[in-house]
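Report on the following structure.
Throughout, read-outs are computed from the coordinates displayed, never taken from laboratory work. The structure presented is a predicted model; accordingly, all values stated were derived computationally and were not measured. Every residue, glycine among them, receives a Cβ derived from its backbone with ideal geometry; neighbour counts consider all protein chains shown.
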Amino acid sequence: MTPKKPILLHCCCAPCTVYTYQRLCDEGYSPTCYFHNPNIHPYTEFMRRLDAMKVFAFDMGANLLIDENYGLDRFLEATFGKTERCTLCYEMRVFETARFCHEQGLNCFTTTLLYSKYQKHKGIIDACQLAADEHGVEFVYMDFREGWKDGISGSKQMGLYRQQYCGCIFSEQERYMSDARKGIAPSEISNPVEKGTTKR
Ligand code: SF4
């Protein structure tokens with residue numbers, strides 16, 4: 001049997017990792033998950049998503065490496081007042097992933113950001129390719145959006161925490177202000193696990 005190829009998988013959150021991780025395994029890779037997300041705010045949300053990632057890794061027997069530093073200052077410094085906030089956010093995460101990939105002696109990486117139907121897919125690809133070139137590693141592209149439904153049902157079956165907004169404090173505001181405008185009270189949208197919706 002051909003040995004599986006090691007790959008570093010940047011993981012934005014556990015629900016987005018479910019399909020992505022399985023797809024990589026099915027395609028002959030041996031993924032090591034890497035949680036590095038200075039974009040997630042506030043701190044309680046950061047910890048909740050990190051805990052969900054640990055649950056996923058435990059249940060799947062997956063390798064998980066974690067950057068536990070809470071990145072509010074770094075994120076705001078890099079993005080505050082900038083119109084291209086999401087692009088900068090992708091770059092922050094995938095450049096560090098490519099650097100870490102090289103440091104770990106791995107040859108290639110990819111990211112669960114490519115699973116999302118809500119993100120700027122081409123912008124993520126461009127950021128990953130730039131990061132790969134800068135750090136001398138390979139970026140492995142797959143269109144993980146193909147498994148959108150499988151990932152949702154899989155994360156529900158695993159009972160993983162499914163967040164209500166993308167991650168940064170700006171996206172949190174957009175998410176909940178939008179509900180407030182529709183007259184939905186915060187108490188009615190505070191249990192994302194039961195509601196089973198996500199805005200990744
Ligand atoms: S909306 Fe999402 S991708 Fe855009 S800056 Fe905020 S966390 Fe990053």
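In loop segments of segment 1-106 as defined by DSSP, the GluC sites (Glu not before Pro) with at most 14 further C-beta atoms inside 10 Å of their C-beta are Glu27, Glu68, Glu84. For the chain, relative contact order (Cα pairs under 8 Å, six or more residues apart, normalised by length) works out to 26 percent. Taking other Cβ atoms within 10 Å as a rough exposure proxy, Arg49, Arg93 sort from fewest to most as Arg49, Arg93. Other residues within the sphere of radius under 11 Å centred on the Cβ of Gly71, judged by their own Cβ, net out at -3 (K and R +1, D and E -1).
Lys and Arg at +1, Asp and Glu at -1: add these up for the other residues within a Cβ distance under 11 Å of Cys108 and post the number. Don't skip to the end; give the middle numbers.
Values: positive: Lys5; negative: Glu138.
Neighbour charge sum, excluding Cys108 itself: 0.
Over the chain, DSSP H runs of length four or greater, each weighted -39,500 (n - 2.57), average out per residue to a 222 nm ellipticity of -15500 deg cm²/dmol. With Cα atoms as the point set, segment 5-195 shows a radius of gyration and Dmax of 16.1, 52 Å.
Compute the whole-percent fraction of alpha carbon pairs in segment 1-65 spaced more than 19 Å apart. Mind showing how you got there, number by number?
Values: 619 of 2080 pairs.
The proportion of pairs with Cα distances above 19 Å equals 30 percent.
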